[in-house]
Amino acid sequence: MMMGDQRETLLNNPNKNRAISRCVSHARDELHSFRTWLKWLCVDQSSAWTTCLSWFVFLVFAILVPALSHFVLACGGDCDSRHSRPYDTVAQLSLSGVAAISFICLSTFVRRYGLRRFLFFDKLRDESETVREGYTEQLNRSLKILFICVMPCFAAESGYKIWWYGSGGTKIAFLGNVVVSNAVACILDLCSWFYRTVVFFLVCILFRLLCYLQILRMQDFGLLFQIDSNVESVLKEHLRIRRHLKIISHRYRVFILWSLISITASQFATLLMTTRPNSNVNFFNTGELAVCSLSLVAGLLILLRSASRITHRAQAVTSLAAKWHVCATIDSFDASEGETPVAVVADGQSFAGKSYGSSEFDDVGDEEDELDNTKLIPSYAYSTISFQKRQALVTYFENNRAGITLFGFVLDRSSLHTIFGLELSLVLWLLGKTIGIS
């Protein structure tokens, strides 16, 4: 296993929590390539030098460049209808606000926990080989997913900025030459947009990565019901998963809440400005605003989908435990009716085998896995676990459902429906105030 000697040294250290939180990256480190990308993106804060550089780049590209672009480079009242930017204020404030929230949260995570501890790599020693390999593979794919989300919007933003500066959106020759000045201003503007968007999506992708780790663990946890496990081992594993979900919820709750509030406010401000009676809405002056809104909403959907997905998997444990209890109870009653143990096991395996091989289960595709499926469980537990213990475990699952929470509110699919209903109600109310829709 990679980093075996270093991990043993850390585990034997009496101050292992502090030691684990700061680990030097090297060529065999699972996080080596990830840290390298963070340095290129200027968000690495593993040392005092990189921290100062990270904050300097943030102040330049998230605050200074957008402010100069809006107050200095934007054309005044002599602009034509195509080059005017009446919605630039909303776009710049929305993107800079979300980037500031993301950067501050990311800085807090890295400073307080360290990258290895924040991503739970210090806990992987207790996981199975399947979980470790799956999580490391997903980590390597995370940056690819990040750029897949960012690059289409960046291409659209680049096309708009190149057209705006190239067609005479501003004629301020702050470098002595209009063409050179416009080229430098366009590059800085695009770098600012790219940086702010990447910082926001990076924190969202890291949350998705942490949720994916818990999904792998939940799938591994579901296998405990397929073998001869005891109630104590099942309970301990579930308590460990619940604790990790609480840790993720506690760390990300401020970011999720403020992202939801700021993105919702920006979308309503956009809707209010574009539905005014005297608003001038066309492709040229709203293109940048549309790209900005699309990016922010996409990041928010990543957060909410990841949270609801892991919550759904965590709550599916109750159904799995109840099914396991039923199958064990049925087999125990069959055994008590005078059948030999060999016949019971054979019948149970035959019955389960028919369930697994039935063609009707082949139609569900990828919707079912080891945790959430409609297949019968070949029970091994009835001979070693009493009915009372199984019933107590099922009762525990029913009253202690795990998941991602936001200050006590569970982020599941019902919560998403509630959020959508509230947003739709506010949209209809705002449209009723502006263009008379009731």
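The values are calculated or read from the model by the stated rules, or taken from the named source; none is laboratory data. In this text, all values refer to a predicted model and were calculated from it rather than measured experimentally. Don't worry about glycine lacking a Cβ; one is built from the backbone with ideal geometry, like all the others, and counts go over all protein chains shown. These area figures cover heavy atoms from the full protein model, side chains too; ligands, DNA and RNA do not enter into them. Shrake-Rupley method; radii C 1.70, N 1.55, O 1.52, S 1.80 Å.
Structure above, values below:
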item: For peptides 85-96, 390-401, sequence by mean Cβ density within 10 Å, most packed first; result: 85-96, 390-401
item: Whole-number Å³ per residue for the convex hull built on Cα positions in the stretch 125-279; result: 174 Å³
item: Theoretical gain in end-to-end length, residue 55 to residue 240 [0.36 nm per residue, Cα-Cα removed]; result: 63.0 nm
item: Exposure ranking of 235, 143, 68 by accessible area [1.4 Å probe, largest first]; result: 68, 235, 143
item: Sequence-distant residues sharing a close amide H with residue 405 (under 5 Å, placed H); result: 249, 411
item: Cα Rg, Dmax, the stretch 97-158, angstrom units; result: 15.3, 46
item: Segment residue 276-residue 257, length gained on full extension (0.36 nm per residue, minus Cα span); result: 4.0 nm
item: Cα-based equivalent ellipsoid, the stretch 36-147: semi-axes from gyration tensor eigenvalues, Å; result: 39, 17, 11
item: Listed residues 330, 205 arranged by accessible area, highest first, probe 1.4 Å; result: 330, 205
item: Contact order normalised by residue count of the stretch 201-300, Cα under 8 Å, 6+ apart, percent; result: 35 percent
item: For the stretch 86-195: Kirkwood Rh in Å [reciprocal of mean 1/r, alpha carbons]; result: 17.5 Å
item: Cα-based convex hull volume of the stretch 183-266 per residue, rounded to whole Å³; result: 108 Å³
item: Full-extension gain in nm, residue 111 to residue 123, via 0.36 nm per residue minus C-alpha separation; result: 2.5 nm
item: Given 39/144; 236/389; 144/246, the pairs whose alpha carbons are separated by over 23 Å; result: 144/246
item: Peptides 279-288, 403-412, 190-199, 300-309 ordered by average Cβ neighbours within 10 Å, highest first; result: 190-199, 300-309, 403-412, 279-288
